[in-house]
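The values are calculated or read from the model by the stated rules, or taken from the named source; none is laboratory data. Model, not experiment: these values are computed from the prediction. For neighbour counting, all protein chains shown are included, and Cβ atoms are generated from backbone atoms with ideal geometry for every residue, glycine included.
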Amino acid sequence: MGKRRRVAERRGKRPAVLGGMVTVVVGGAAFGVYALYGGGAAAEDRTATTAADHETPQVRTGPLTAAEVTGTANAFLTSWQQGQIARAAAVTDDAAAATSLLTGYAEDAHITGVTLTPGTPAGGRVPFAVKATVTYKDVTKPLAYDSALTVVRRAADGKPVVDWHASVVHPELADGDTLVTGESGTPPVKAVDREGGELSAAEYPSLGTVLDGLREKYGKKAGGTAGVELRTVRGEASKRKKVSDKTLLELSKGKPGTVRTTLSPTLQAAAERQVASRPRASVVVTRASTGEILAVANSGSFNVAFQGSLAPGSTMKIVTSSLLIEKGLASADKVHPCPKYFTYGGWKFQNDDKFHINGGTFKASFARSCNTAFISQAPRLDNDSLTRQAQQVFGLGMNNWSVGVPTFDGSVPVQSAAPMAASLIGQGGVRMNPLNMASVAATVKSGTFHQPYLVSSEVDGRTLATASRAMSAGTLSQLREMMNYTAAYGTAAQAMSGLGPDFGAKTGSAEVDGQEKPNGWFTAYRGDLAAAGVVQAGGHGGDTAGPIVAALLRMGG
C-alpha cells in the first residue's frame, strides 16, 4: 500500500506536456512555462489536462479579470512585435482581418523594427506605444505613435480576445482601410487663399481634412511631383463616407503644385477663433451671389461643416415656408394658425414651452418659430412635396455638388404620416450641415441657387450643380420679409443686433435622442454674405450658434 502511494506521488509530480509546452502541477495549481505569453488568460489555456477537459466546455462569463486583460494584451502585442502574425491574429476575434492588416503593415507599409510598449489598462482597454522604422528603397525614417486595444469575451466560449478593429494597428484607420508606403499616388499641393497666401493646418486647424481633400482631387492636376510617404488607403466603407486618404509620414518631399481656393484669410482666421470658444461648433461663410466659400471651421477633428449629417431643426422652415407660400397655404402677412398642439399621423406635436399665438400672421409664427404653424399644413401636402421643393429650388439632396472637396449635400427623403410632418420643421429624416444651410440662406438672399464651391470650376472644368427652377418673385419677396423680421424682432434678434437693415436670419433647435440639450442652429445673411453654424448639444440656436454666425457677418467681406 505504501509503495503504491509513493508511486502515485511520484506520478503526480511528473510534468504534463501540452502542445509542446511544459506544465508543472504544484499544490494543485498549474503554472505554464512559455517564452511568448505573459500569463493570465493565455496561461490558463495551457493548464494540465484533467478529466474535466473531456466534458462539455463551459462558456466563461462575468467581467474580465485584470489577469485576463493583461495576459491577452501581452499575447497579442508580443506576437505582433516578434512578427508572428498568425499567432497574434489568433488572439483576436477576427483572425482573417487581423492577419491581412498585420501582414500588410510589414509588406505593404514597409514597417520594421516594431517595439510595442503597453500602458496602464483601464477596464478592458489597453493603450500602447508604437515605435518602428519605415524603409522604402534607400529612404528610412522613424515612426512613433500611440494606439490602444480592447479585450472582450468571445461570444462563443467566453475566452478573452482582442476586439479587432483596424484602429488597433493605427488610430487613423477605419475598418477596411490599409497602410501603404511608396511613391504617393498624388503629388502634394500648396493650397492658397483667395489672396495667394498659403493655407496650412498649423495656422488654420480646421483645414486639415479640407487640405487632404484638395490634395486627393487636385494633386495630379496641379503640376506637382510625388514624394515618398506612409499613407492610409481608404476602403469601401470610408469611401462611402467620403473620407480622404491621409499622409501619416513623409519620407521624402515631393514638389507641390498650387491650388487656389476661395477662402478669405481674415474670415477663416475669425471663424477658427469663433469655433474654438465652444465645443462641437461648426460654421461656414459663403458669398451669396456666387457660391464662393469664404470660411469653414470646426472645433472638432471631423469636418461637420461640410460632411455632417444632422437634423437642421427650425432652420429648415425657410425651405418649408417657400413651399407653403408657393402652394397658397400661407402668406407672410395673413393670419395663420399657431395652436399649442397639433396631432398628425398619430404624433402629437407642440411648440417650445407649449406656447401658441392667437390671430397672428404667418410672419409672426416664422419669427417665433412656431412648430404647429407648419405641422398644421401637413394634411394639405403630398408626401414628396418638401423633397421636390428642396431639390428643385434649393439644390439640396441630389448628391451632385462639386465643391472641390468631399461634402454631404443634404437629404430630404420622401416620407409619410408623422415623419413627413416632422420633416417640415427639420426633424424626421431631414439631414443637413452648415454648408447646406448657408446655401439655403444664400439662395434667399441672391434669389437663386448658386452651388457652393471652394475651388473655381475654371481650374478643372468640372460642372457645378444647378437648381431646376427659382422661386417666384412673390414667394421670394415674402421669404426675405420673414427672415428680415426674424433678424430684427424674432428669435434671431439678439444675435443679429446692429447688423441691419439688409439682413435676414432663422434660428433652429434640433432634438436628438439621448441628448440633454438640442443642437443649436443658426443661418443668416447680411449684404452679400450668407453663413450658417451649429453647436451640437449646445441648446437654443440663437444663444449658441447665433453669436458665432453674427460675428462673422459683422466683418463683411
| Across segment 461-490, what is the number of residues that are surrounded by fewer than 16 Cβ atoms within 10 Å (Cβ to Cβ) and in a helix (DSSP H, G or I)? | 5
| Subset of segment 411-448 (residues that are of a type in the set (S, T, N, Q), touching a residue at least 40 places away in the same chain (Cβ under 8 Å) and closer than 23 Å to A378 by Cα) | S411, S416, S423, Q427
| Hey, among the residues in segment 332-353 that are touching a residue at least 40 places away in the same chain (Cβ under 8 Å) and surrounded by 16 or more Cβ atoms within 10 Å (Cβ to Cβ), which one's nearest to R368 (Cα to Cα)? | A332
| message | Based on this model, can you work out whether L424 counts as over 27 Å from Y341 (Cα atoms) and not small (G, A, S)? | response | no
| First in segment 480-508 and of a type in the set (D, E), second anywhere and buried (at least 18 other Cβ atoms within 10 Å of the Cβ), Cβ under 7 Å, 6 or more apart | E481/A332; E481/K363; D502/R526
| field | Residues located in segment 100-137, provided they are under 28 Å from the mean Cα position of the chain (by Cα) and β-branched (V, I, T) | value | V126, V130
| field | Criterion violated by E236 - all others in (1) more than 22 Å from N298 (Cβ to Cβ); (2) free of Cβ contacts under 8 Å to residues at least 40 places away in the same chain; (3) surrounded by fewer than 16 Cβ atoms within 10 Å (Cβ to Cβ) satisfied | value | (2)
| request: Just need a number here: residues in segment 205-233 that are in contact (Cβ under 8 Å) with a residue 40 or more places away in the chain and either touching a His at 6+ places or on another chain (Cβ under 9 Å) or of a type outside the set (D, E) (or both). | output: 18
| task | Check segment 512-533 and report whether any residue there is over 15 Å from T315 (Cα atoms), outside any loop (DSSP other than H, G, I, E, B) and over 27 Å from the mean Cα position of the chain (by Cα). | result | yes
| remark: Residue hits (segment 321-373; hydrophobic (A, V, I, L, M, F, W, C) and in a loop (DSSP other than H, G, I, E, B)) are L329, A330, A332, F355, C370
| query | Which of the residues belonging to segment 395-435 are in contact with a Gly (Cβ under 8 Å, 6 or more places away or on another chain), part of a helix (DSSP H, G or I) and at negative phi? | reply | A418, P419, M420, A421, A422, S423, P434
| request: Identify the single condition in (1) in contact (Cβ under 8 Å) with a residue 40 or more places away in the chain; (2) touching an Asp or Glu at 6+ places or on another chain (Cβ under 6 Å); (3) more than 20 Å from L249 (Cβ to Cβ) that S184 does not satisfy, given that it satisfies every other one. | output: (3)
| field | K506 farther than 17 Å from A271 by Cβ, in contact with a strand residue (DSSP E or B) (Cβ under 6 Å, 6 or more places away or on another chain) and in the same structural domain as A438 (by TED's automatic domain parsing) | value | yes
| query | How many residues are of a type in the set (A, V, I, L, M) and closer than 24 Å to G474 by Cα when one looks only at segment 426-461? | reply | 6
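So that you can scan it fast, the table gives a plain yes or no per residue for (1) of a type outside the set (A, V, I, L, M); (2) part of a strand (DSSP E or B):
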residue: A156; (1), (2): no, no
residue: T181; (1), (2): yes, yes
residue: K190; (1), (2): yes, yes
residue: G213; (1), (2): yes, no
residue: A222; (1), (2): no, no
residue: L230; (1), (2): no, yes
residue: A237; (1), (2): no, no
residue: T258; (1), (2): yes, yes
| field | Checklist (1) over 22 Å from V549 (Cα atoms); (2) free of Cβ contacts under 8 Å to residues at least 60 places away in the same chain applied to G300, failing item | value | (1)
| When the residues of segment 219-261 are filtered to those that are under 16 Å from V405 (Cα atoms) and of a type in the set (S, T, Y), which remaining residue is modelled with the lowest pLDDT? | S244
